[in-house]
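S.K.: Pasting in a structure now, in structure tokens, and then I'll have a few things to ask.
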Amino acid sequence: MEKYRYCDEELKLMENSTVPFAVYQFLNKRVITIILSQGFIDLFGFEGMKKEDVYALMDNNMYRDTHPDDMASLGDAAYRFATEGGAYDVVYRSKKHGEYRIIHSYGRHIYKEDGTRLAFVWYTDQGAYVEDGKKEKDSLMNLLKNELAERSINVQTSHDYLTGLPAMTYFFELADEGCKRIRESGKTPVILFTDFNGMKVYNQNYGMEEGDKVLKSYADKLIGIFTHENCSRFSSDHFCIFTDLEKGLSAAKQLSSNNAGLDIEKKLHLRIGMYVYEDENISISGACDRAKVACDSGKNIFTSKLYVFDRKMMTTIENRQYVVENIDKAIKEGWIKVYYQPIIRTANGRVCHEEALSRWIDPVKGFLNPAEFIPALEESNTIFKLDLYVVDSVLKKMKDQASHGLYVVPQSVNLSRSDFYTCDIVEEVRKRVDEAGIPRDRLVIEITESIVGDDIEYMIDKIKRFKELGFKVWMDDYGSGYSSPMILQKVPFDLIKIDMQFVRQLEEGERAKIILTELVRMAMSLGMDTVAEGVETKEQAEFLKDIGCDMLQGYYFCKPVSLEEIIERNRKGIQIGFENPREEDYYTQLGKVNLYNLSISASDIHGGTSYFDTWPMVMTECKDGHIKIIKYNITFKTYTDELFPDFANTYEFDLSDFKGKNGELSLNAVLQCAKDGKRIILDDMTKDGKIIQIMAWRVAVNPVTKVSAVMVAVLSSTDQRGGFLDEKHNKELQRLSGEYEKLRKENVRLKEEADVTQKISELKKSVSDLLTNMPAMTFSKDVDTGKYLACNQAFADYAHKETPEGVVGLTDYEIFDEITARHFVEDDKKALSMSKPHIFFEDVPDAAGNPRQFQTTKLKFTDNTGRECLLGLCQDVTDAMKIKREYTEKLALVQNMAEIDALTGIKNRNAYETREDLMNLRIREHRQPEFAIVVLDVNDLKVINDTEGHEAGDKCICDACEIICRTFKRSPVYRIGGDEFVVISQDEDYERSDDLTGIIAKYNEEALKTGGLTIACGMAKYHNEATVEEVFERADKRMYENKHFLKKIKRQQQ
């Protein structure tokens, strides 16, 4: 098909139109421009260009001025419109004269007389795009901006999300058609494949955002040389281009010199692979593969250079072909061996997981590196054969290991990108695991971030399927590619494995340490565990443990070994040792504790108190007077290093070593919390007089060793107490008023004495000195006139007067604004009506109008002349109250955290025990209202955990919780154990207790018929028992009776 041409008259008429529109034709797999109206040229700011240059720009770099975040979506929409038809309706941003404008484009297809299909697209300018949406009052404009912002994070299909270039599949279509046309013109087509050496290091040094800028800039460079449709970004920093031989050689020379033409500080070496595409019998994908082989041949040469595909390189392809052709035989003959590298839990130093790794030992070619055979299998879409073989091997290994009396920990297997496209990998894995009789949560799925990034929505669906079936899913090699926290936010990973490049760079400086620390912190905040790969030294291991990394993997601990070696190492006693599976849930609970989730900022703190952006938090294990530190956050490490240097590297403490010493109180409290599980908050004093307030709560109890994991948070660290008008200040006030009372009585007596004037003067001076030297603001007023009689310097400062004399003789209305003055006068009236001091807090401005908060005490007295007066003592507590509010908020947050069950979101055992203590107190005081205790237990949870995995078990717990809360909607519900719930039925629910438990029974009746989840239930009402526990025991006994009954019914139905 040829390019459509309008007659001159139509062309002129349409080009002169002031309506912004364009006419396009989809020809040879690309969009070409037929007509641009004058309105279009004006709208997009092309009025200063020649018409032919505008057409050339549209054909070669149509998206030059498009916002980077919109290029992919715009290209996708255009491609769908061209290939699938329908309407074209897109909002995007385009730069005009240095600023982005919001453009709305709408298009339809028309058919000309000869059957040619053309696309008419109309454009309207919706206004300037401003990043700060708060400045925009136009609701329609905000709606458009929100749409643009939402779309900016979506993953596209036919165009690359970062550069807007055609994606690989679309590029193959363009290149196949384009190379044919190059041959038809008498030229030789070539394929170029480019890759940067050092891009990963660049990302580490300058950040991913800067790396993305480099890639965008490079894409623009390619577009300028080859046009938009001749280029593609395959992945990461891999780009592919088709062109003719002459232009290819010229462009390669240009790109390989002067830093690829990029305006960046660091030198980046560009490898360019070229395949001269003479043999048209070779597919376009095969041609691109050859160009990539040529490019990869210079991987270890750090210089910018062109590599042309030759016969030697053909050997690489032949080796890949050998792998593909022999994969079935290699599996059958046992050439592929599976080795296992241990993953160590930092909390106990034991092997908690193992990663399965394949090795190809060929009888002809010898040892084949995974870097050779895995890419070959991935590119041929046969990697699923290897991955499923590894799954089968792992399942067999777990059974064999158990038969040798060794603990079996979860095993992780790596899945490749093509697995998810060539077969139903989720079902294939599930089927094998179930047939082997292995619990699903024993097999962990590892997926690299690059797999997810290629098609997020598709992979989210697959990952969710795995998780719904009870498998855990880990992200492998996080940080090895172009990592985005958005992926972690959108994809429900259980754990991220931090790529070894971060660990290897630890010795290079603080930058790598900061990045690693923040990665661990981010994962922890997202509820994900972390594994650091590539640990090779003791120093690396200690640093990673210090920053809270959950697990470590690397040659420092052990290289990958076969099952036979594992058994032999265990026999010789040199095996690290496997974690007891019975302890796994305990350590899982510990892993879910976020050491960074108390981030409450406290600025402008005064008075010698230290508050923290993140509270210093440490996890300990406690038993028999011994405390061991197992995990802490960076804030805690910094805090202890600075304040307690003698204990900076101490990780274990015995109570006996602190008898009669500072710290004994805190250690005792933590050990008591470990024993009874009750949360504690206490103050303790260091040897240098600093007062530290800590909070401790029990997280879990190890079912094997019986040690208790206790979290400790440092709530505040104070040099001295102060800030509030406490008992000491009140006594001072009473003493002051006593002096006045003495003065009054003394006046009566001294009238009869000759030296009355002198003694009154002395007493007045005594009181005056007392007032002047008080740290708070003091004043006295005449009740009748409202005028101030005296004040100290602090009150004068508050009134914005230089000296107290500047206040004397003035009224409140002459010092303050009318509202404040009226407020003070009303307080005076209240004080005069009371026989004791009137104490109150108030929010009022000072004389300059600045908002302040005060604690004020006023009391009436009569002076020596019989005049009725008011004495006032006023303390500015603005800063102190701010600290108190922030402290109260933090304390409430941490108390709430300690009493909330992490899985269900309802209250936990700690909360129940607190409520139980309160109710027991009320029972002793004979003021406890009537109540009932309902105990509920989820049936067959262990079976579900063992057969379907803990993910499924957790879902059952949450489902049961919802049923219970929905039934007892007016009573508090607590989760006090793995599958056990307690309801304290009261008020209206108490009156309907029998009806509500009947609802549970009715639910169980239906669940037994349908094979659903059943919940055993027992209820007991309070009948003057001495404690709540006695009522609980009766309810618990009835629950177990109901549990046996439900199991009996279920057996009868089977």
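S.K.: Gain in length, residue 823 to residue 850, computed as 0.36 nm per residue apart minus the alpha-carbon separation, to one decimal in nm? Mind dumping the intermediate values first?
M.R.: Values: separation 27, 0.36 × 27 = 9.72 nm, distance 1.57 nm.
Full extension of this stretch gives 8.1 nm more.
S.K.: When the Cα centres of region 284-301 and region 970-1024 are compared, how far apart do they sit, in Å?
M.R.: After rounding, the separation between the Cα centres reads 67 Å.
S.K.: How much mean residue ellipticity at 222 nm does the chain get from its helices, if each DSSP H run of length 4 or more adds -39500 (n - 2.57) and you divide by all residues, to the nearest 500 deg cm²/dmol?
M.R.: Working: 37 runs with 464 residues, N = 1054.
It comes out at -14000 deg cm²/dmol, rounded to the nearest 500.
S.K.: At a Cα cut-off below 18 Å, give the aspartates and glutamates reachable from residue 690, other chains included and same-chain residues fewer than 8 away excluded.
M.R.: 641, 642, 646, 664, 719
S.K.: Decide, for region 320-575, between rounded, prolate and oblate: order the square roots of the alpha carbon gyration tensor eigenvalues as a ≥ b ≥ c, take rounded if a/c falls under 1.5, and otherwise choose prolate if a/b is larger than b/c, else oblate. Don't jump to the answer; show the numbers that get you there.
M.R.: Working: a/c = 1.43, a/b = 1.19, b/c = 1.20.
Cα axes put region 320-575 in the rounded bin.
S.K.: What pairs in 337/464; 628/675; 545/678; 337/365; 545/659 have C-alpha atoms more than 19 Å from each other? List each step's numbers first, then the result.
M.R.: On the way: 337/464 30 Å; 628/675 15 Å; 545/678 28 Å; 337/365 15 Å; 545/659 30 Å.
Over 19 Å Cα-Cα: 337/464; 545/678; 545/659.
S.K.: Sorted by mean Cβ packing within 10 Å, highest first, what order do the peptides 214-222, 781-789, 832-840 take? Walk me through the intermediate numbers first.
M.R.: Details: 214-222: 19.9, 781-789: 16.7, 832-840: 12.3.
My ranking of the peptides, most packed first, is 214-222, 781-789, 832-840.
S.K.: Work out, step by step, the length gained on full extension between residue 988 and residue 959: first 0.36 nm times the residue separation, then minus their alpha carbon distance; give nm to one decimal.
M.R.: On the way: separation 29, 0.36 × 29 = 10.44 nm, distance 2.44 nm.
Extra length from residue 988 to residue 959 when fully extended: 8.0 nm.
S.K.: Counting only pairs 8 or more places apart or on different chains, how many lysine pairs in region 48-136 have C-alpha atoms closer than 28 Å?
M.R.: Total qualifying Lys-Lys pairs in region 48-136 comes to 9.
S.K.: For the cross-link pairs 781/858; 497/706; 631/942, which exceed 22 Å when the distance is taken from alpha carbon to alpha carbon? Could you put the intermediate results ahead of the total?
M.R.: On the way: 781/858 10 Å; 497/706 30 Å; 631/942 29 Å.
Over 22 Å apart, Cα to Cα: 497/706; 631/942.
S.K.: As I understand it, the value is the acute angle between the Cα axis of helix 950-967 and the longest principal axis of the Cα atoms of the chain; what does it come to in degrees, rounded to 10?
M.R.: 50 degrees
S.K.: Determine the gain in length on full extension of the stretch residue 305-residue 56; use 0.36 nm per residue of separation and subtract their C-alpha separation, reporting nm with one decimal.
M.R.: Working: separation 249, 0.36 × 249 = 89.64 nm, distance 3.06 nm.
That pair, residue 305 and residue 56, stretches by 86.6 nm at full extension.
S.K.: Can you tell me the order of 563-569, 112-118, 692-698 when each peptide is scored by its average per-residue count of other Cβ atoms within 10 angstrom, highest first? Can you show the working numbers first?
M.R.: Details: 563-569: 15.9, 112-118: 11.1, 692-698: 21.6.
Averaged packing, sorted descending, gives the order 692-698, 563-569, 112-118.
S.K.: Something else now. Kindly write out, for region 669-686 in residue order, the coupling ³J(HN,Hα) from the Karplus curve 6.51 cos²θ - 1.76 cosθ + 1.60 (θ = phi - 60°), rounded to whole Hz, with x marking Gly and Pro.
M.R.: 5, 5, 5, 5, 4, 4, 7, 9, x, 8, 5, 10, 10, 8, 9, 9, 10, 7
S.K.: Hey, what angle do you get for helix 563-572 against the long axis of the chain, alpha-carbon based, 0 to 90 degrees rounded to 10?
M.R.: 50 degrees
S.K.: Could I ask something else about it? Expressed as a whole number of Å, what is the distance separating the alpha-carbon centroids of region 205-242 and region 796-849?
M.R.: Rounded to whole Å, the Cα centres lie 70 Å apart.
S.K.: Going by alpha carbons, how many degrees (0 to 90, nearest 10) lie between the helix axis of 311-333 and the longest principal axis of the chain?
M.R.: Long axis of 311-333 versus the principal axis of the chain: about 70 degrees.
S.K.: Here is a follow-up. Over what distance in Å are the Cα centres of region 674-689 and region 536-587 separated?
M.R.: If you average the Cα positions of each part, the centres end up 34 Å apart.
S.K.: Between residue 706 and residue 280, what FRET efficiency comes out of the Förster formula 1/(1 + (r/R0)^6) with R0 = 56 Å and r the beta carbon distance, rounded to 0.05? Don't skip to the end; give the middle numbers.
M.R.: Values: r = 75 Å, r/R0 = 1.34.
Between residue 280 and residue 706 the formula returns 0.15.
S.K.: Quick check on packing: order 516-525, 496-505 by the mean number of other C-beta atoms within 10 Å, highest mean leading. Mind showing how you got there, number by number?
M.R.: Working: 516-525: 19.8, 496-505: 21.7.
Ranking, from highest mean packing down: 496-505, 516-525.
Every read-out reported here was derived from the displayed coordinates using simple, explicitly stated rules and does not represent laboratory data. The shown structure was predicted, so the numbers you read here are calculated from the model rather than taken from an experiment. For neighbour counting, all protein chains shown are included, and Cβ atoms are generated from backbone atoms with ideal geometry for every residue, glycine included.
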